[in-house]
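The values are calculated or read from the model by the stated rules, or taken from the named source; none is laboratory data. Just so we're clear, the structure is a prediction, and the values are computed from it rather than from any experiment. Note that each Cβ is placed from the backbone with ideal geometry, even for glycine, and that neighbours are counted across all protein chains shown. With ligands, DNA and RNA removed, areas are computed over all heavy atoms of the protein, side chains included. Shrake-Rupley method; radii C 1.70, N 1.55, O 1.52, S 1.80 Å.
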Amino acid sequence: MAETTITKPKTKTRTRTERPRLHKVILVNDDYTPREFVVTVLKAEFRMTEDQAHKVMLTAHQRGVCVVAVFTKDIAETKATRATDAGRAKGYPLLFTTEPEE
Ligand code: TYC
């Protein structure tokens, strides 16, 4: 007797791993922190050149805020905290915040 082999259709399951959302580090303007100090912190914490740091500082100064860079959540929060603490150590109200990218 002839045998019939029934094979189950193979369904391929593809798991999509989404990339983790990146978070923006945002520099907030204030009336007290010296411009040059803001530039120094941007260079030290975000590895910017004098030119880049100066542009970011000026944008925050003129518009109120400026996006400094994007990182994974952990790194964004750590850098924002370190940069804010650098200002606090000198008695300045300098503030860096974070928010998720859309
Ligand atoms: N506004 C400050 C001043 O005039 C300079 C400054 C710029 C401070 C950007 C904070 O995020 C800032 N001395």
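Among the residues making up the range 6-49, a single one is under 17 Å from Thr97 (Cβ atoms) and at pLDDT below 95: Arg21. Among the residues making up the range 25-49, a single one is open to solvent by 60 Å² or more (accessible area, probe 1.4 Å), away from the ligand (no atom under 13 Å from the Cβ) and touching a helix residue (DSSP H, G or I) at 6+ places or on another chain (Cβ under 7 Å): Lys43. Does the range 83-94 contain any residue that is of a type in the set (Asp, Glu), open to solvent by 100 Å² or more (accessible area, probe 1.4 Å) and away from the ligand (no atom under 14 Å from the Cβ)? Scanning the range 83-94, I find no residue that is of a type in the set (Asp, Glu), open to solvent by 100 Å² or more (accessible area, probe 1.4 Å) and away from the ligand (no atom under 14 Å from the Cβ), so the answer is no.
Residues being of a type in the set (Val, Ile, Thr), free of Cβ contacts under 8 Å to residues at least 12 places away in the same chain and open to solvent by 100 Å² or more (accessible area, probe 1.4 Å) are represented in the range 17-24 by at least one member. In the range 58-82, of all residues being closer than 22 Å to Pro34 by Cβ, polar (S, T, N, Q) and surrounded by fewer than 16 Cβ atoms within 10 Å (Cβ to Cβ), the one that is farthest from the chain's Cα centre (by Cα) corresponds to Gln62. Taken over the range 1-49, the residue count meeting the criterion of being in contact with a strand residue (DSSP E or B) (Cβ under 8 Å, 6 or more places away or on another chain) and over 30 Å from His61 (Cα atoms) is 1.
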